[in-house]
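Undergrad: Let me give you the structure first, and then I'll get to my questions.
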Amino acid sequence: MIRSMRDPGPPKPESLFHLRDLERFMAIVEHRNFGRAAKVLRTTQPGLSRAIAALERHLGTRLFSRARRQIELTPAGELLWREAPALLAHAASAQRVMREAVSGTRGNIRVGALSTSRYTLIPQAIRLLRELHPQFSVTVVDATPALEIEDLRDGNPDVTLLRGPLRADAELRRARLRSDPMVLAVPEHHPFAQRSVVESHELAEEPFVELAPYDSHGYRELGRGVCARAGFVPHVAQEVATIDTLAACVAAGIGLALMHDAAGELPVPGVVYRPVLPTPPSVELHAVWRANDDNPALEAFVECLVATANPRAA
């Protein structure tokens, strides 16, 4: 027998119900009987009655009408009955996600890069990750020119791809993905475009397009080294922030550029690439991430980057 009770009154300030309250409520709705619901929940009927009475006091309203000794939902109970299944399902999903994250079977990472690898290598690596580890996910974010390393330290993104020589840093880890030859990018109608190879000393009188010093991460210095060994300082017609803009300026005829051969990643119409002699150093591509990052998806994604960048070794 359920005792009648006074009006619950207004809800208490701290009145937040628990998932267990919803489970008890749904069991009573399903069985339409406190006794049967108590057996399913492996509790006593008085204990279940007290728990529901406490829930009603917390919510400040009755959930069940006890008229004529029948268990019926009040309007407020009907509302909770419609909402409770979704709340319980969402909570179960959140618990499952957390268990998977702790066990290393689920995770999300954010990847951002200004390198031309974002057009080919990164999408291919994401597809491989989804194939091998469907429980992991990747969010692609915009990188900030000249601030890739700073953004990485600040936690956004989780991994970035950079070209050029990188200084040692105890707070960052890196994986070498690929080494591409440095070549000369020239407009398609330039006389050098008709040559199979260009001697570096022949570039002394040509205008150049370069990455700005603060954007290059050492990339610009590689090209400057080619010019220095040939005995001249390049005449820079324009400085730009990204490799994309560098190639676009070459296509527009603003100047030549010493850069990695991006024909497979960035086929800009109007640009051709020619080898340079003496052969300059190659341009390395690295994946870089925080050393203290224990995201379970990160290691898997870096492995996919390495495998995608070196398909023969995979």
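Undergrad: Take each of the peptides 236-242, 41-47, 53-59, average the number of other beta-carbon atoms within 10 Å over its residues, and list them starting from the highest.
TA: 53-59, 236-242, 41-47
Undergrad: Within 10 Å, count the other beta carbons around each residue, average over each peptide in 186-194, 299-307, and list them highest first.
TA: On the way: 186-194: 15.4, 299-307: 20.3.
Top to bottom by mean Cβ count within 10 Å: 299-307, 186-194.
Undergrad: Translational diffusion coefficient, Stokes-Einstein: compute it for segment 261-314 using the Kirkwood radius over C-alpha pairs as Rh, at 4 °C and 1.567 mPa s, and state it as an integer in µm² s⁻¹. Present the calculation step by step, with values, prior to reporting the outcome.
TA: On the way: Rh = 14.5 Å.
Here the translational diffusion coefficient equals 90 µm²/s.
Undergrad: Across 10 Å bins from the origin, how do the percents of Cα pairs in segment 102-192 run, short distances first?
TA: Taking all Cα pairs of segment 102-192, the binned fractions are 13, 38, 32, 12, 4, 1, 0 percent.
Undergrad: By its C-alpha gyration tensor, with a ≥ b ≥ c as the square roots of the eigenvalues, how is segment 247-291 shaped: rounded for a/c under 1.5, else prolate for a/b larger than b/c, else oblate?
TA: Oblate, because a/c is 1.5 or more while a/b does not exceed b/c.
Undergrad: Looking at [x] 24.6; [y] 22.0; [z] 23.5, which value of Kirkwood radius over Cα pairs in Å comes from a calculation on the structure shown?
TA: Only one option fits the structure, namely [x].
Undergrad: At 27 Å minimum axial length over the Cα atoms and a Kyte-Doolittle cut of 1.6, report the qualifying DSSP H helices in the chain, or say none.
TA: none
Undergrad: Roughly what % of Cα-Cα distances in segment 182-281 sit above 17 Å, to the whole percent? Provide the component values of the computation, followed by the final result.
TA: Working: 2169 of 4950 pairs.
Value for segment 182-281 (Cα pairs over 17 Å): 44 percent.
Values quoted throughout were computed directly from the atomic coordinates according to the rules given, and no laboratory measurement underlies them. Given the structure is predicted, the values throughout are model-derived calculations rather than measurements. We place every Cβ from the backbone using ideal geometry, glycine too, and count neighbours over all the protein chains shown.
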